[in-house]
Every structure is written in structure tokens, then in C-alpha cells.
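Student: Dumping the structure here so I can ask a few things about it.
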Amino acid sequence: MAIEVRNVDKRFDDFVALDDVSITVQDGALTALLGPSGSGKSTLLRIIAGLETPDGGEVLIGGRDVTHSPARTRDVGFVFQHYAPFKHMTVHDNVAFGLSVRKRPKDEIGARVKELLSLVRLDGLAKRYPSQLSGGQLQRMALARALAVQPQVLLLDEPFGALDAQVRAELREWLRRLHDEIHVTTIFVTHDQEEAMEVAQEIVVMNAGRIEQAGPPGELYESPANEFVMSFIGPVNRLGDAFLRPHDIQILPEDDASGEEALVERVVRLGFEVRVELKLHDSREIWAQVTRENAQELELREGQILSVRMPAPRVFAASSGSARPALRA
Amino acid sequence: MSISSAAGVGRARGAPASGSGHAGERAARARTLGVRSIALGYLALLLLAPVAMIFYRTFEHGVGQVWSAVTQPNAQHAFWLSLEIVAIVVPLNTVFGVGMALLLERGRFWGKGLLGVLIDLPFAISPVVVGLAIVLVYGKTGWFGDWLAGHGIQVIFSVPGMVLATAVVSLPFVVRETLPVLRELGTDGEQAAATLGATPWQSFWRVTLPGIRWGVVYGVVLTTARALGEFGAVSIVSGRIEGQTETLPLYVQDRFENFDLTGAYAAAVVLALLALATLLAMNLMTRRTRRRAQA
Amino acid sequence: MECPLPNSADTLAIRERRLPLLGGRGSGVLGKGLLGIYLTALVLLPIAALLTKAVSGGPGAFWREISSPEALAAIKLTLAASAIVVVVNAIFGTIIAWVLVRDDFPGKGVVNSLIDLPFALPTIVAGLVLLSLYGKGSPVGIDVAFTRAAVGLALLFVTLPFVVRSVQPVLLELDLSMEEAAASLGAGPLAVLRRIVLPSLMPAMISGVALSFARALGEFGSLVLITGDLPFKTEVGSVYIFGQIQNDSLPAAAAVSVALLLVAVVVLGVLSFVSQRQSRHVL
């Protein structure tokens, strides 16, 4: 099911959560809504789900105008940030809930639940209660529950936010593989740009209730539309109005002085990657990103004076950095 | 000066006071024991001794007398009437309580504060005043007096009035106990149910209600205890007609005024036992909710 | 950017408040209507009738009713007894809460449960219970029946749980490190108590005091037997009201009822105000 959001506005008392927002999500796509806290991404997701009603604009799912339809008629699966488990029900009953509410026959429910628990790798935990599960298991249960009724659209609100790094990484991988298997239109909300880049096919970058840019991860990284997108996605050096990617800064070997002079202030070794904090001769401070081998070759150390070569930095036209919302597939 | 003196004032859950000086330790222990004796002594004099006394006095002359007192027809009638009233009032106030809690917590309208005050009002008013107010509305000379008489409905001096009075005095409990639990439950579960296709009723029945059930049950226990023990309001509203409109608490007073101490004590002991059963239920429930909170 | 960005917690809070009520359109209105009718029939109408009756003869009559010698005596006794009892409760209630939270001894659980006994026990039984030990034929030779002391005794019994249950949870949550810090800075146990613990407990104590006071003002059942209801001696406000109802002097009964209600409202209002000011600093 394709999703279309047209000119949606939403206010909470004085606070403008969404301002004339429009996006299009293609059928079967895996899209991320990316932005900082308060950008409106969760609100947008909830409006698509039917958990909030917009003050203006329309929402269409599969061509049908659902703007004023309640959540339960929209056939969307929703996964909450804190899983929203039914604590008094077993895992089995949680997953079965949507089906039992539709009064499906018992054996049909039993078979489907079993299938889903297998899919999310929670076999054998059917009789447990949510309080007995770990965060990662709860999240998978929440997913199974949402998928049980075969929704046309799957929406996830910061699904991995409350988990620790290792589990997060595993689940990200797993979500992508799940989407490869079940081509349901999926939108997930995150504030973690790495997560969006890794998982999504399309990213919609939001800020202060507006859409900054929408497109595939590569495009957002290589051709950011404005300051905000460039700073939000990927590491960046800011030099006044100009922006520079740390890995674009080339550190020349000691005997080569053809570039700009810079003092190595600090060398931070982060495993594969090495951050080099530099001070240019005009006192501006930037940092460069080099590989481990590179760092070793250059024999980087604090106090070293080296030469660096930088490409022309990127400058953006408008200073506030809010581009008009882009319509993308 | 030393931390040990603070430890004496602080938690002493069976662990020995961590102390530097023995004198400090001894003083701390003395203080603890002193405070403990004051508290326990007060409780013993005010609470325990009198309750023990009544059990003693009742069974002083043997169980036989107690049994015959308890099986008197008027006593029996009073007992069953009390239970009947409780059986009507508790479900009514429970439905009201849960509904009100939902309204106060999830609804959006002006005047919630006023509503809260109205619901809590029965707490602040003397039961006697409650009885008076009910008579002023539903009594013969009350606001609805003529209308009720015209329809042949007798409220005051009969069971409906007693049910009404009991309902008023025990009104706030379920609301008060359910509200915080409802607040803590949050709306996530209900939202999830909505996205899964549940109607509001299904969502309430299968997600909300199970989620708040301990608050509701605790409120029900308190309501039951209050309804069972109600005296002042019912005293006014019922007219205390022997064998007809006497609840068990009213019966106790009746026996006492007729110098039938045995009868009074016997009925009192029955009520006291029911009260102890209530305490037990309350205890079990608070322990269960505490265990849950730790899980 | 027109407006400052709240953090997502704020947005969530705003969102929660706006969730539609559980009932759908139709059933929602019906449900609310039924609740409203129930509340009106049980609370709103009776209170309205009471207020109406009290002022039915005009302010002059109202004043006359509550200043009749017997009424006045009853009101004064009620206020005085309630005030004294409340102070005693504040002290002993806090001590008991302290022992239940900070101390440990065999049978503590049982004692903790028994605190609620005055809640659970019918008031008439409470009166009888106190009478059996502290009335005529008392095995310990204390006979306070038909005296003012009996009023105090009964009120102490029925208001016992309020301060205790108010203070207990606060005491449980109290951060021990505050007391430890004070001790490490040289404060002795008494100073720690006076300057750290009690101020933190003050809002809860005041709340418990308010509840005790309201309860004491209106107490009836536990007093009828042990005090003998002697006018001008041991007759409290609620008993006076009861008597007036028996005599079919409903305006007098209503007047005194409203008077006591007003006292309760004023005192509770003041206490609530004081408590809020305290908690602003403590919490």
C-alpha cells in the first residue's frame, strides 16, 4: 500500500508539531523518518496510524482517504517505542490479540501465532509473560503482534531506542531482512542517523515540523540540500558558513608541505578509524578522519606540524536551512 | 559527630548498627528501643488492649451464650440486611468508581477539579449530616417527598434509603484507588489495542480493566468495609425499626441500649471478625502490589 | 522558527491528555450521563438541599440556630476535642510511622496491618470496644465513660491511621543520604531529626492532620455509647445534629451541619495551602 500525506498541519496548544508536511511512500518501501527530538517525526507517524488527527491536510493509504478514520479501521501495524505489551497476557495472547479481537477461530489463531513466533525467533516463549522477557525479546513480540493481522502498512516508533547497542545492531539487521522477506510498506521513526542510513531505502529528514529533504541515504549524504541535513547526517566540520567532511581532509606526509599548515592537537584512536584534531594557522579548529593504516604511515602524534589539503567546502544559500518539503517516492 | 549515631536513627533492618564507639552504639540502641516502646505502648493502649478486651468479654461466659445471641431472629435479620445492602452498594459504587476514574483521567473537559471535590465530599462530611441531607431530598417533607409518595415509593425508613445512605458514604473509595493506577498504566496499551483493531469497549475490557484490576479490587475492599460498618447515616435514614430496618451496627446499639450486653458484644464480635478479614485482604493486596512493583 | 521546541516528553504529555475518551460517540454520552445522574442523586442534590435548608430562614435564623446554648456548647466541644486529638495524632502518628519504617522487630508486619483497624472497624463497635476496657467495670480501673476524656479517646481511636498512613510512604522514599550527609557534617541525631527529617515529612504530616481533623469533626458512631451524649458536657456536634433530627428540628440540624462543614472547608483549605508551600521547597 502506498502512503500519501498531503499538506498536513498539527498543533498542540501553542506548539506547532507539523507545518504543511507532505510525503509519499511507495508501496513496499522501507522508509525512515529521521530528525531530532521535537521535529515532528513521531507525530507524523501517529497521524498516519490514526492515533492523532491532523488539523489540516489529508492522509491516504492505498489511495483511500483515511484522514478521519480511527486507527482500528486503517489496517496499520504499529510498534511502540516502549513496546506497549499487554502485561497481564502471555506472549501468545499478546500476539494473538488482533486476531482474537476479529474473532478468528481458535486453531487458526494458534497456527498463525506459532508461525509468527517462529519468524521472530521467540519459539518456546509463548507461555511467558512480558515481565519475563528482555528488551530485545519484547520488541520482537511487539513486531509479531503487529504483523499478526497482516497489516498493509507497518509503522515503528523509535523501535530500537530503548535497547543497548549490541541488541540494537542485531535488530536493525534483522528488520532489514524481515522487510526483504515480507514486502510490507514500512516506516520507522528514529533520531539515530546511522540507523536510518543503515536500514532505510529512503530517508525523510525532518526538523521543527518541516521536511528538510527526502531521498535515498547516499543522495542525502552526498548532496545535502541544506546546512541542517549536512550537519545531521554524517560527521561535519563547520567553518563559519562553510561545511567540510572530516574524511575529505587529506593529511600529507611530513616531507610534503604543499598544503595548508596545521598543528596536530590530539589524536584519538577509535579502532579502525582515527580522529585527528587539527588547528590551522588562523586558529580555526577542525578534525580529520583517517584510517588506521594512514595514521600509522603518517606517524601521527600530538604537537606535530603537518600540511593538509582540503577540497572546497560546501556553502548553502539560505542561512536558516529549511528547504521546502520535497515530494519523493 | 560520628556516622554511627545517624545509623541509630537510620534503618536498622536487623543489621547491627555500624558504629565506631560502643557508647555511641549503646545510646543509639537505647534511643531505638525508647522510640519503639512509645509507639508500641501507644498502640497497645489505644488499639490492641480494647480489641482484645472485647473478644475476652464476649466469650467470657462461654460460647453457648454467644451462639444463642447471634442466632436471635433480629440478629439474623440485621446480619442479612447488612449483607444485602453491601451486595447492592458495592457493585454500584464500583461501576461508578471505575467510570469516574476513566472520566477524570482520560476525559477532557472543564470542571474536573469540581468533580473531584464532589466525589471526595462524602469523606469530609459527618455521616449524620449525610443522613440529614438524604432526608431533606428524599424524605416525606423533602424535595422529592411528594413525587415519591405519589408513586408509592418509600425511601426513608426503608431499605432503599439505607442503600442510598450507604452508597453515599462509601462513594469515593473505588475512584480514589483506581485513579492513580489508571494514571500509571498510561495509554500505550489502549493505543496498541486500537491499532490492532479493537473497539473501545474491547480495549477497555481486555486491556484497561485487567491493567487496573488491583486498584479496583483494593477500592472494592475498602468500600465493602465502609459499607458494612456504616452507622450514622443509616441510623437517621432507617428509623431503626427493629427486625426491619436495622443493620448489624444498628443492632449493636439497640442491644446495648436494652442492657443486653451479651447480645451487643456478640454482634460486635461478628463485625470485628469481618473487619479483621478486611484487614487481611488489604494486607495481602498491598503485599502483592509491592511485589509486582519490584518485578 | 516561531516557537521554542519542547522536548519530546512535553509533547508526549500533551498528547496523552488529548486522547479521546474510551467510549465511542454514543456510548460515551450515555455513560457520562449515567455517571452524572448517579453523582447528582447521591451528592449534588443532598448537599444542595442541606445548604438550602440551612439558610431557609434567612441569615438571622441561621445565626440563631448555631448560637443556641446547646448548639454552641456542642460545636465548641467538637472543635476543641478535634484540635487536641489532631495534635496528639501528629506526634504519635509520626512516631509510629517512624517505627514501622525504620525499625524492625518480630511482629512488625502484624502491627502494620493493625494500624488500619480503625478504618475497617464499624464505629459503633469501636465505641463498644473502648467502653469495655475504659468504661464501667473496667478491669484496669479506668472509667472515662460519660466524661470529656471519652470524647478524646474515641476520636484518637478512629483517627489513628490517618497521620501514620500519610507519613509512612514519604518516610519510605526519604533519601537516607541526606541524613548521612548531615551526620558527616556534625549534626547529632536530634538535629538531623529536627532540621532534615521533620521538614521533609511536614507536607505529609499536614495532609494526615487535615484528614484526621475532617474525620474528627464529623465522628458519630464511636461517641454515642461511651460519651453518653450529655448536653453541655459530652455532646459533640454530630450528636447534637442527630438529636435535632429526632426532634424534627431540621433547620437547626441543617444550620449546625453547615457550620461544621464550613469550619472543615476553611481549615482544610488553610492546611492545603500551607502544605503546598512546604512541598515546594521539599520536593
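Student: Go through (1) among the hydroxyl-bearing types (Ser, Thr, Tyr); (2) modelled with pLDDT of 90 or more; (3) crowded, with 19+ Cβ neighbours inside 10 Å and name the single condition A:THR53 misses.
Tutor: So the condition that A:THR53 fails would be (3).
Student: Checking A:ASP192 against (1) within 24 Å of A:GLY40 (Cα to Cα); (2) loosely packed, with under 15 Cβ neighbours inside 10 Å; (3) among the acidic types (Asp, Glu), which single condition isn't satisfied?
Tutor: (2)
Student: Identify, by number, the condition in (1) assigned to a helix (DSSP H, G or I); (2) modelled with pLDDT of 90 or more that C:GLU65 doesn't meet.
Tutor: Answer for C:GLU65: the failing condition is (2).
Student: May I ask you to say which residue of C:VAL85, C:VAL43, C:VAL110, C:VAL99 is closer than 30 Å to B:GLU257 by Cβ, within 12 Å of another protein chain (Cβ to nearest Cβ) and among the β-branched types (Val, Ile, Thr)? Show your work before the answer.
Tutor: On the way: C:VAL43 fails: closer than 30 Å to B:GLU257 by Cβ; C:VAL110 fails: closer than 30 Å to B:GLU257 by Cβ; C:VAL99 fails: closer than 30 Å to B:GLU257 by Cβ.
Testing whether each residue is closer than 30 Å to B:GLU257 by Cβ, within 12 Å of another protein chain (Cβ to nearest Cβ) and among the β-branched types (Val, Ile, Thr) leaves just C:VAL85.
Student: Look through region A:108-134, keep the residues that are part of a helix (DSSP H, G or I) and surrounded by 16 or more Cβ atoms within 10 Å (Cβ to Cβ), and return whichever of them is nearest to the other protein chains (Cβ to nearest Cβ).
Tutor: So in region A:108-134, the residues part of a helix (DSSP H, G or I) come out as A:108-119, A:130-132.
Right, trim to surrounded by 16 or more Cβ atoms within 10 Å (Cβ to Cβ) and you get A:109, A:112-113, A:116-117, A:119, A:130.
On the way: A:ILE109: 13, A:ARG112: 13, A:VAL113: 13, A:LEU116: 13, A:LEU117: 16, A:LEU119: 17, A:PRO130: 10 Å.
The residue in question is A:PRO130.
Student: I need a count of the residues in region C:176-226 that are farther than 25 Å from C:LEU121 by Cβ and either away from every other protein chain (no Cβ under 11 Å) or part of a helix (DSSP H, G or I) (or both).
Tutor: Pass one, region C:176-226, residues farther than 25 Å from C:LEU121 by Cβ: C:176-203, C:206.
Subsequent filtering for residues that are either away from every other protein chain (no Cβ under 11 Å) or part of a helix (DSSP H, G or I) (or both) retains C:176-184, C:189-203, C:206.
Residues meeting the conditions: 25.
Student: Restricting attention to region C:122-140, which residues are at the interface with chain B (Cβ under 7 Å from one of its Cβ atoms) and within 14 Å of B:TYR265 (Cβ to Cβ)?
Tutor: Those that are at the interface with chain B (Cβ under 7 Å from one of its Cβ atoms) and within 14 Å of B:TYR265 (Cβ to Cβ): C:PRO122, C:ILE124, C:VAL125, C:LEU128, C:VAL129, C:LEU130, C:SER132, C:LEU133.
Student: A further question on this structure: Quickly run through region B:133-158 and pick out the residues that are outside any loop (DSSP other than H, G, I, E, B) and either at the interface with chain C (Cβ under 9 Å from one of its Cβ atoms) or small (Gly, Ala, Ser) (or both). Before the answer, list the steps.
Tutor: Filtering region B:133-158 for residues outside any loop (DSSP other than H, G, I, E, B) gives B:133-138, B:145-150.
Those that are outside any loop (DSSP other than H, G, I, E, B) and either at the interface with chain C (Cβ under 9 Å from one of its Cβ atoms) or small (Gly, Ala, Ser) (or both): B:ALA133, B:ILE134, B:VAL135, B:LEU136, B:VAL137, B:TYR138, B:GLY145, B:ALA149, B:GLY150.
Student: Now for a different question. Quick one: would you say B:GLY211 is part of a helix (DSSP H, G or I), under 30 Å from A:ARG102 (Cα atoms) and of a type outside the set (Lys, Arg)? Before you say what the answer is, go through the steps one by one.
Tutor: Values: part of a helix (DSSP H, G or I): yes; under 30 Å from A:ARG102 (Cα atoms): yes; of a type outside the set (Lys, Arg): yes.
It is true that B:GLY211 is part of a helix (DSSP H, G or I), under 30 Å from A:ARG102 (Cα atoms) and of a type outside the set (Lys, Arg).
Student: Let me ask something else. I'd like to check something: does region A:74-83 contain any residue that is surrounded by fewer than 21 Cβ atoms within 10 Å (Cβ to Cβ), under 21 Å from A:ARG145 (Cα atoms), touching a residue at least 12 places away in the same chain (Cβ under 8 Å) and in contact with a strand residue (DSSP E or B) (Cβ under 8 Å, 6 or more places away or on another chain)?
Tutor: Let us first name the residues in region A:74-83 that are surrounded by fewer than 21 Cβ atoms within 10 Å (Cβ to Cβ), namely A:75, A:81-82.
Now restrict to residues that are under 21 Å from A:ARG145 (Cα atoms): A:75, A:81-82.
Filter again for touching a residue at least 12 places away in the same chain (Cβ under 8 Å), leaving A:75, A:81-82.
Applying the additional criterion that residues be in contact with a strand residue (DSSP E or B) (Cβ under 8 Å, 6 or more places away or on another chain) yields A:75, A:81.
Yes.
Student: Let me ask you something else. In region C:155-179, how many are basic (Lys, Arg) and within 26 Å of C:VAL236 (Cα to Cα)? It would help to see each step written out before you state the result.
Tutor: Let us first name the residues in region C:155-179 that are basic (Lys, Arg), namely C:165.
Remaining after also requiring within 26 Å of C:VAL236 (Cα to Cα): none.
Residues meeting the conditions: 0.
Student: Right, next: Would you check which residues across region A:45-80 are of a type outside the set (A, V, I, L, M, F, W, C), in a loop (DSSP other than H, G, I, E, B) and more than 9 Å from chain B (Cβ to nearest Cβ) and list them? Can you show your working first?
Tutor: Residues of region A:45-80 that are of a type outside the set (A, V, I, L, M, F, W, C), as a first pass: A:46, A:50, A:52-58, A:62-65, A:67-70, A:72-75, A:77.
With in a loop (DSSP other than H, G, I, E, B) added as a condition, the list becomes A:50, A:52-55, A:62-63, A:67-70, A:74-75.
Selection gives A:GLU52, A:THR53, A:PRO54, A:ASP55, A:GLY62, A:GLY63, A:THR67, A:HIS68, A:SER69.
Student: Where in region B:13-80 are there helices (runs of 4 or more DSSP H), lying wholly inside it, with at least 2 residues that are at pLDDT 90 or above and within 11 Å of another protein chain (Cβ to nearest Cβ)?
Tutor: Numbers: elements: B:22-43, B:49-59, B:63-70.
In region B:13-80, B:22-43 are the helices (runs of 4 or more DSSP H) which contain 2 or more residues that are at pLDDT 90 or above and within 11 Å of another protein chain (Cβ to nearest Cβ).
Student: On to the next question. Scanning region A:1-44 for residues that are out of contact with any Leu (no Cβ under 7 Å at 6 or more places or on another chain) and of a type in the set (Ser, Thr, Tyr), which turns out nearest to the other protein chains (Cβ to nearest Cβ)?
Tutor: Among them, the one singled out is A:SER37.
Student: Just for region C:212-252: of the residues that are under 20 Å from the mean Cα position of the chain (by Cα) and hydroxyl-bearing (Ser, Thr, Tyr), which one is surrounded by the fewest Cβ atoms within 10 Å (Cβ to Cβ)?
Tutor: This residue is C:SER238.
Student: Okay, moving on. Among the listed residues C:LEU131, C:LEU176, which satisfies the condition of being farther than 24 Å from B:PRO127 by Cβ and modelled with pLDDT under 90? Even if it seems obvious, please write down each step before you answer.
Tutor: Details: C:LEU131 fails: farther than 24 Å from B:PRO127 by Cβ.
Going through C:LEU131, C:LEU176 in turn, the sole match is C:LEU176.
Student: Give the residues of region A:28-42 that are of a type in the set (Ser, Thr, Tyr) and modelled with pLDDT under 95, sorted by residue number. Outline the logic, then answer.
Tutor: As a first pass, look at region A:28-42 and keep what is of a type in the set (Ser, Thr, Tyr): A:31, A:37, A:39, A:42.
Within region A:28-42, A:SER37, A:SER39, A:SER42 meet the criteria.
Student: A follow-up question, please. Only residues that are assigned to a helix (DSSP H, G or I) and of a type in the set (Gly, Ala, Ser): list them for region A:222-256, please.
Tutor: Our first condition is that a residue be assigned to a helix (DSSP H, G or I); within region A:222-256, this holds for A:222, A:227-232, A:246-248.
Scanning region A:222-256 gives a single hit, A:SER231.
Student: Can you tell me which residue in region C:136-172 is nearest to C:ILE95 (Cα to Cα), limited to those that are among the small types (Gly, Ala, Ser) and surrounded by fewer than 22 Cβ atoms within 10 Å (Cβ to Cβ)?
Tutor: Among residues in region C:136-172 that are among the small types (Gly, Ala, Ser) and surrounded by fewer than 22 Cβ atoms within 10 Å (Cβ to Cβ), the one nearest to C:ILE95 (Cα to Cα) is C:GLY152.
The values are calculated or read from the model by the stated rules, or taken from the named source; none is laboratory data. These numbers were taken from a predicted model, which means no experiment stands behind them. Counting neighbours? That spans all protein chains shown, and the Cβs are built from the backbone with ideal geometry, glycine included.
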